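Chemist: First the structure, then my questions, so here it is.
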Amino acid sequence: MTLSYETQREVELFLLNEAKLLDAGEFKAWLELYAPQGVYWMPSQPGQADAKNVASIMYEDHAILAMRVRRLLEARALVLTPMPRTTHLISNIEVTSDAPDQYVADAAFVYVEHQDGRQHIYSGRHTHHLVRRNGSFRIALKRVALLDCDGKHSPITIPI
Amino acid sequence: MTNFYKKGVLVNEEQDPVVRRYKAMLVERFGCEQAAAVLGMNRFNNIIYPNLIINAQHQQMRVTIPLAVDLTLIRFYCFRLKGAPDEMFHRAIRFLSTSGSPASMISSDDIEMLERCQRGLVKKASPWVNFARGADSDRRDSDGTVGGAASELPMRVQFEAWVNYLTQ
C-alpha cells in the first residue's frame with residue numbers, strides 16, 4: 001500500500017518523539033507509547049525469528065517493561081548510578097502498511113550512552129509495528145537488531 | 001518471572017498445570033520415591049567451585065571466565081530437561097533473557113558491582129579485602145558450614161579451597 005507523505009511523516013514524528021522521551025528520561029510517557037499487548041524485543045542472534053526457543057537480550061511484555069520503567073525512575077540501581085545520558089538517533093526510516101491502520105517502520109539507529117566518563121555506542125536497525133489509536137500510534141512490537149547482538153556486552157540499561 | 005523463588009519452592013508451583021504435568025511424568029517414569037527425591041532438592045544456586053553456577057530449578061547455568069586480570073567474561077546458558085514439557089524450556093529461555101542477559105534487571109547490578117570492585121582493587125588503597133561479614137554466625141552441621149542470607153561464607157570457603165590447592 002502506497003502511503004501518503006502525511007502518513008509517513010506522522011510515523012516519523014512518532015519515532016522521533018519516542019527517541020526524545022527516552023533521551024529526556026520520560027520513561028513513563030515512553031511506556032504509554034506501547035499497546036497493552038505490546039512487546040519490546042532485542043534478539044541475541046542476527047536474523048532471529050524465534051523468541052520462544054532462542055534466548056533474547058530483551059523480550060519484554062508490558063508488565064516487565066513497566067517494572068523496567070519503575071527501576072529506571074527509582075534511581076537506586078547501581079548500574080544506573082549515575083544515570084546515563086543518552087542520544088537516540090534514528091535515520092533511513094521506511095514506512096509500509098499491509099492493513100488499514102497498521103504500519104511497519106524500519107529504520108537505522110545509532111545510540112550513544114554516556115555514564116561516568118565512559119561512552120558506549122550501539123548501532124543497528126529497528127522495526128516498529130504500529131497500530132493507530134486515538135489520532136496517534138501504539139507500538140505492538142519493537143524489534144531492535146543490534147549489529148553486535150551476538151557479541152559480548154556490558155550491561156545495557158536504557159531501552160534503545 | 002512471576003513464579004519466582006520463595007522459600008525454596010516456586011510460588012504457585014502446585015497450581016501450575018505445566019509443573020503438575022512434569023511431576024506426573026517424573027512419577028510415571030521413576031516412581032513416587034525417586035521423583036520426590038529429585039524434586040525435593042531445595043536449592044536455588046549451586047556453586048561448583050571455582051566458576052560454575054547451576055540453577056536446576058530454572059534450568060540455568062552461569063560460567064565466570066577470567067580473560068585477564070581486569071577482564072572477565074560471564075556466560076549464561078539454559079538447558080532443556082530431557083522429556084519435560086516444551087513449556088518448561090520456553091520458560092527457561094524467558095528466565096535466561098530476564099535474569100542473564102546484558103539487559104537483565106537482575107544480574108546487571110551484580111556485574112556492575114564486579115566491575116566497580118575491580119576498579120577499586122586497582123587503586124591499591126587497601127591491601128586487604130574484608131570477607132568477614134557473617135563469620136560470627138556461621139554454624140557447622142553434618143553437611144558442612146551454613147551461613148545466613150547476607151553472609152560472605154561462599155567467598156570465604158572458595159578462598160579457603162583456593163589456598164588449599166595452592167599449598168597442598
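Coordinate-derived values only; no laboratory data. A quick note: this is a predicted structure, and the numbers were derived from the prediction, not measured. Glycine also receives a Cβ, built like all others from the backbone with ideal geometry; neighbour counts cover every protein chain displayed.
Chemist: Could you tell me how many of the residues in segment B:88-114 are within 16 Å of A:A51 (Cβ to Cβ), among the aliphatic types (A, V, I, L, M) and facing chain A (nearest Cβ under 7 Å)?
Modeler: 3
Chemist: Now a separate question. State all residues of segment B:93-115 that are surrounded by fewer than 18 Cβ atoms within 10 Å (Cβ to Cβ) and part of a loop (DSSP other than H, G, I, E, B); if no residue qualifies, say none.
Modeler: Scanning segment B:93-115 gives a single hit, B:I106.
Chemist: Could you grab me the full set of residues in segment A:29-70 that are assigned to a helix (DSSP H, G or I) and either within 14 Å of another protein chain (Cβ to nearest Cβ) or closer than 17 Å to B:R94 by Cα (or both)?
Modeler: A:H62, A:A63, A:I64, A:L65, A:A66, A:M67, A:R68, A:V69, A:R70, listed by residue number.
Chemist: What do you reckon, is A:S154 under 19 Å from B:I111 (Cα atoms) and among the hydroxyl-bearing types (S, T, Y)?
Modeler: yes
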